[in-house]
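The values are calculated or read from the model by the stated rules, or taken from the named source; none is laboratory data. From a predicted model like this one, the values you see are computed outputs, not experimental measurements. All Cβ positions, even for glycine, are placed from backbone atoms using ideal geometry, and neighbour counts span all protein chains on display.
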């Protein structure tokens, strides 16, 4: 946690085997499907009260994606039965990269999904950098600076 552990490592590239060009989708898939946690009250999380529309949409969409992932896993289990393949993190990165390289329609399905890499969650970008070029401009398909709600 950023608030608990100080960042003593300035460059994480020494731990990274591969460059992941579509980090936005990877971030989406591994991020907790809940609003941002800004603190703790005992053992209970305190969620960001003024979360952006992008955060609310991400949480809503994530459940559909998670259901699809579980369905896919059950299909793989049914197909391979006791000969389950070993799927490691590197395999998932390659699978996702190959899938997205040939699947414009699915990239466009994510055109309204934004994420933030900023600690204070005040700047959001499309989950895919090529969304505008591939899918055209939608009403939400612009970089968004969120303003704080008055107290």
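Taking the options 61, 100, 96, 35, name whichever one is surrounded by 11 or more Cβ atoms within 10 Å (Cβ to Cβ), closer than 28 Å to residue 134 by Cβ and at pLDDT 85 or above.
Working: 100 fails: at pLDDT 85 or above; 96 fails: at pLDDT 85 or above; 35 fails: closer than 28 Å to residue 134 by Cβ.
Criteria check complete, one pass: 61.
Being loosely packed, with under 11 Cβ neighbours inside 10 Å, under 16 Å from the mean Cα position of the chain (by Cα) and part of a loop (DSSP other than H, G, I, E, B) is the requirement here; does residue 119 meet it? Steps first, please.
Numbers: loosely packed, with under 11 Cβ neighbours inside 10 Å: yes; under 16 Å from the mean Cα position of the chain (by Cα): yes; part of a loop (DSSP other than H, G, I, E, B): yes.
Answer is yes for this residue.
With respect to residue 6, is the statement that it is closer than 29 Å to residue 97 by Cβ, at pLDDT below 85 and assigned to a loop (DSSP other than H, G, I, E, B) true?
Numbers: closer than 29 Å to residue 97 by Cβ: no; at pLDDT below 85: yes; assigned to a loop (DSSP other than H, G, I, E, B): yes.
Against the criterion (closer than 29 Å to residue 97 by Cβ, at pLDDT below 85 and assigned to a loop (DSSP other than H, G, I, E, B)), residue 6 does not qualify.
Can you name the condition, by its number, that residue 72 falls short on among (1) surrounded by 11 or more Cβ atoms within 10 Å (Cβ to Cβ); (2) farther than 18 Å from residue 128 by Cβ?
(1)
Any chance you could count how many residues in the stretch 39-77 are closer than 22 Å to residue 25 by Cβ, in contact with a strand residue (DSSP E or B) (Cβ under 7 Å, 6 or more places away or on another chain) and not in a helix (DSSP H, G or I)?
Going through the stretch 39-77 one residue at a time, the tally reaches 1.
Restricting the first residue to the stretch 77-92 and requiring it to be farther than 23 Å from residue 22 by Cβ, which pairs with a second residue that is at pLDDT below 80 meet a Cβ separation below 8 Å and a spacing of at least six or different chains?
Pairs that qualify, where the first residue is farther than 23 Å from residue 22 by Cβ and the partner is at pLDDT below 80, are 77/84.
Take residue 81 and tell me if it is within 16 Å of the chain's Cα centre (by Cα) and more than 21 Å from residue 117 (Cα to Cα).
Working: within 16 Å of the chain's Cα centre (by Cα): no; more than 21 Å from residue 117 (Cα to Cα): yes.
When the stated conditions are applied, residue 81 does not pass them.
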